[in-house]
1. So, of the residues in the range 262-307 that are under 22 Å from Phe250 (Cβ atoms) and polar (S, T, N, Q), which turns out to be least open to solvent (accessible area, probe 1.4 Å)?
2. Within the range 139-170, track down each residue that is in a loop (DSSP other than H, G, I, E, B) and more than 24 Å from Ile13 (Cα to Cα).
3. Can you spot a residue in the range 84-96 that is touching a helix residue (DSSP H, G or I) at 6+ places or on another chain (Cβ under 9 Å), crowded, with 18+ Cβ neighbours inside 10 Å and not in a helix (DSSP H, G or I)?
4. Which members of the range 1-26 meet the condition of being open to solvent by 20 Å² or more (accessible area, probe 1.4 Å), under 15 Å from Val100 (Cα atoms) and in a helix (DSSP H, G or I)?
5. Have a look at Ile106, Ile72 and point out the one that is closer than 21 Å to Asn230 by Cα and of a type in the set (Val, Ile, Thr).
6. Among the listed residues Ala61, Ala56, identify the single one that is part of a helix (DSSP H, G or I), more than 19 Å from Ala149 (Cβ to Cβ) and in contact (Cβ under 8 Å) with a residue 12 or more places away in the chain.
7. Considering every residue within the range 226-247, establish whether at least one is at positive phi and modelled with pLDDT of 95 or more.
8. Looking at Met66 and the list (1) open to solvent by 40 Å² or more (accessible area, probe 1.4 Å); (2) free of Cβ contacts under 8 Å to residues at least 12 places away in the same chain, which single condition is not satisfied?
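The values are calculated or read from the model by the stated rules, or taken from the named source; none is laboratory data. On a predicted model such as this, the values are computed, not experimentally measured, just so you know. Here the Cβ is made from the backbone with ideal geometry for all residues, glycine too, and neighbour counts use every protein chain on show. Protein only, heavy atoms only, side chains kept; ligands, DNA and RNA dropped before computing areas. Shrake-Rupley method; radii C 1.70, N 1.55, O 1.52, S 1.80 Å.
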Amino acid sequence: MTVDLGLRDKVAIVTGAGGGIGRGIALEFARAGAKVVINDIGVSLGGTGERSSAPAEETKAMIEAMGGAAIISTESVSEWGAARRTVEMAMDHFGQLDVVVNNAGILRDVIFYKMEPADWEAVISVHLNGSFYMSRAAAEPFRMQGSGAYVHMTSTSGLIGNFGQANYSAAKLGIVGLSRSISLDMARFGVRSNCVAPFAWSRMTSSIRVDSPEQQVRVDRMKLMTPETNAPLVVFLASAAAEGITGQVFASRMNELFLFSAMRPVRSVHSAEGWTPETIAERAMPAMRGGLVAAERSPEVFSWDPV
């Protein structure tokens, strides 16, 4: 039996679609029959340099070569007015908007105690503010039509942890909270919101430093995971086949799919007399210690080779 995704002639905005994971997602939407708004400003991985439409033009040419329809937005997701213009472009050109994929991102990796405020603000602005701006701009047409789907790209750097990425990790975990709130606030309008943590070797991960044989092994494993392997999960979550799935966090790693648990209490203690710092040390913490989460990084949790 063939599942009908219900995406033919739907309209999807994919941010950061000029290459890597975003391009793979845009192409997968086109294969499913959707019309695509390719949003990309064409700057460096760190978010600097002259803007260029060339990466988006390449994605557009690929979509048109397969018979699909696409337009380009070179607006920045990190500006509220620009995000609104991208949504208006979709509405003006295609007459509707059905999906927003918040994928655009930059990296400014540096160890926390050396991180400059500018590096923090730039990453938060693109990832977290950008996801809010694009989602908020699309909320009006979604509400009016009584349907819509958001897919936000998070990361195991935020869900689990990683070195030198305090800005990126905070933004990516913040996106999970944003998605959860959207799923609650927009459910009455038939709108769904989910997160995907992608695994891929792309421009975003090619900046990983290799300082040891162990890190080289990790990088070699990552190179097996091509960006487009994340696209099927994203497109599914945006489709009619994902009806009823909202407020969730998934991950895709080559041929593996994962569902993440949500933050929930795992242990509790009670004191009828209340607590003092001393009684917490004597009674509460020994009872809770077995439930503490280790300070692990993503590669330590996903320690096996990609399947």
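1. The first filter runs over the range 262-307 and keeps only residues under 22 Å from Phe250 (Cβ atoms), leaving 262-264, 266, 293, 296-307.
After this cut, where a residue has to be polar (S, T, N, Q) as well, the list is 298, 303.
Details: Ser298: 9, Ser303: 72 Å².
Top of the filtered list is Ser298.
2. Initial filter on the range 139-170 (in a loop (DSSP other than H, G, I, E, B)): 146-147, 154-155, 160-165.
Listed by number, the residues that qualify are Ile160, Gly161, Asn162, Phe163, Gly164, Gln165.
3. Filtering the range 84-96 for residues touching a helix residue (DSSP H, G or I) at 6+ places or on another chain (Cβ under 9 Å) gives 84-88, 90-91, 96.
Imposing the further condition that a residue be crowded, with 18+ Cβ neighbours inside 10 Å reduces the set to 86-87, 90.
The next check asks that each one be not in a helix (DSSP H, G or I); those that pass are none.
No, that holds for no residue.
4. Listed by number, the residues that qualify are Ile21, Arg23.
5. On the way: Ile72 fails: closer than 21 Å to Asn230 by Cα.
On inspection, the qualifying residue turns out to be Ile106.
6. Details: Ala61 fails: in contact (Cβ under 8 Å) with a residue 12 or more places away in the chain.
Of the residues listed, the single one that is part of a helix (DSSP H, G or I), more than 19 Å from Ala149 (Cβ to Cβ) and in contact (Cβ under 8 Å) with a residue 12 or more places away in the chain is Ala56.
7. Initially, the range 226-247 is screened for residues at positive phi, giving 244, 247.
From what's left, modelled with pLDDT of 95 or more: 244, 247.
Yes.
8. Result: Met66 fails condition (2) only.
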